Amino acid sequence: MSSNLAIDRDALIKAAFEAKAFAYSSPFHPKFPVGAALLSENGEIIKGASIDCVSSGAVCAERTAIVKAVSEGIRSFAAIAIVSDVPRPISPCGLCRQVMQEFCAFEMPVLMAPADYEERRSSGDETGGASILSIRELIHICEPEISYRLVGGESH
Ligand SMILES: [Zn+2]
């Protein structure tokens, strides 16, 4: 089942960058800030940042957004955008892919944008270097190498 909602990709990616500003890393862990923005079927954007705690380990931005939404009673989603400080698109980790599979339609688009998305857009690249894969495509990509090649980025 794919969404009938018109998806403003640029707005969703921008919201993911806004979310990234609130990423947390414990002082004992390397910093890898990630932001995600989840679009609900009713057009609401739910933001999530990566929260990397000493005690509990990392909660990825994607799962932060999904958990926030589900705990507020929102369970129908149209798209998710993911960004980091890496100048290439990054793809969700295995755990996030499984959580997405549980709550999102197989055909739901996952937008993965590089850190320099805005600059690329300003210089005429309409896509801003973003990759788009469905959840179905992502869950069938298990090999990091293949994932890397497909999205031109790296898994986190
Ligand atoms: Zn993850």
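Name the single residue, out of those in the range 86-124 being polar (S, T, N, Q) and touching a residue at least 12 places away in the same chain (Cβ under 8 Å), that is surrounded by the most Cβ atoms within 10 Å (Cβ to Cβ).
Of all residues in the range 86-124, those polar (S, T, N, Q) come to 91, 98, 101, 122-123.
From what's left, touching a residue at least 12 places away in the same chain (Cβ under 8 Å): 91, 98, 101.
On the way: Ser91: 24, Gln98: 12, Gln101: 15.
Checked the range 86-124; the qualifying residue surrounded by the most Cβ atoms within 10 Å (Cβ to Cβ) is Ser91.
Is it the case, given these coordinates, that Val83 is crowded, with 20+ Cβ neighbours inside 10 Å and either within 15 Å of the ligand (Cβ to nearest atom) or touching a residue at least 60 places away in the same chain (Cβ under 8 Å) (or both)?
Details: crowded, with 20+ Cβ neighbours inside 10 Å: yes; either within 15 Å of the ligand (Cβ to nearest atom) or touching a residue at least 60 places away in the same chain (Cβ under 8 Å) (or both): yes.
Taking the combined requirement at face value, the residue satisfies it.
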Residues satisfying the stated conditions in the range 95-107, i.e. more than 17 Å from Ile51 (Cα to Cα) and either out of contact with any strand residue (DSSP E or B) (no Cβ under 6 Å at 6 or more places or on another chain) or near the ligand (Cβ under 8 Å from one of its atoms) (or both): Arg97, Gln98, Met100, Gln101, Glu102, Phe103, Ala105, Phe106
Odd one out for Val67 among (1) touching a residue at least 24 places away in the same chain (Cβ under 8 Å); (2) under 14 Å from the mean Cα position of the chain (by Cα); (3) within 16 Å of the ligand (Cβ to nearest atom): (1)
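Please find, among Ile46, Ile66, Ile7, the residue that is aliphatic (A, V, I, L, M), surrounded by fewer than 23 Cβ atoms within 10 Å (Cβ to Cβ) and either modelled with pLDDT under 95 or not in a strand (DSSP E or B) (or both).
Ile7 is the lone residue from the list that is aliphatic (A, V, I, L, M), surrounded by fewer than 23 Cβ atoms within 10 Å (Cβ to Cβ) and either modelled with pLDDT under 95 or not in a strand (DSSP E or B) (or both).
When only residues in the range 43-64 that are in contact with a helix residue (DSSP H, G or I) (Cβ under 7 Å, 6 or more places away or on another chain) and over 13 Å from Phe32 (Cβ atoms) count, which is farthest from the ligand (Cβ to nearest atom)? Let's see the steps before the verdict.
In the first step, residues of the range 43-64 are kept if they are in contact with a helix residue (DSSP H, G or I) (Cβ under 7 Å, 6 or more places away or on another chain); the result is 45-51, 60-63.
After this cut, where a residue has to be over 13 Å from Phe32 (Cβ atoms) as well, the list is 45-48, 62-63.
Numbers: Ile45: 19, Ile46: 16, Lys47: 16, Gly48: 10, Glu62: 6, Arg63: 6 Å.
Per the stated criteria, the residue is Ile45.
Would you check which residues across the range 21-41 are more than 15 Å from Pro92 (Cα to Cα) and modelled with pLDDT of 95 or more and list them? Don't jump to the end; show me each part of the working.
Pass one, the range 21-41, residues more than 15 Å from Pro92 (Cα to Cα): 21-31, 39-41.
Passing the criteria: Ala21, Phe22, Ala23, Tyr24, Leu39, Ser40, Glu41.
The values are calculated or read from the model by the stated rules, or taken from the named source; none is laboratory data. None of the values given here were measured: they were computed from a predicted structure. Note: ideal-geometry Cβ built from the backbone for every residue, glycine included; neighbour counts use all protein chains shown.
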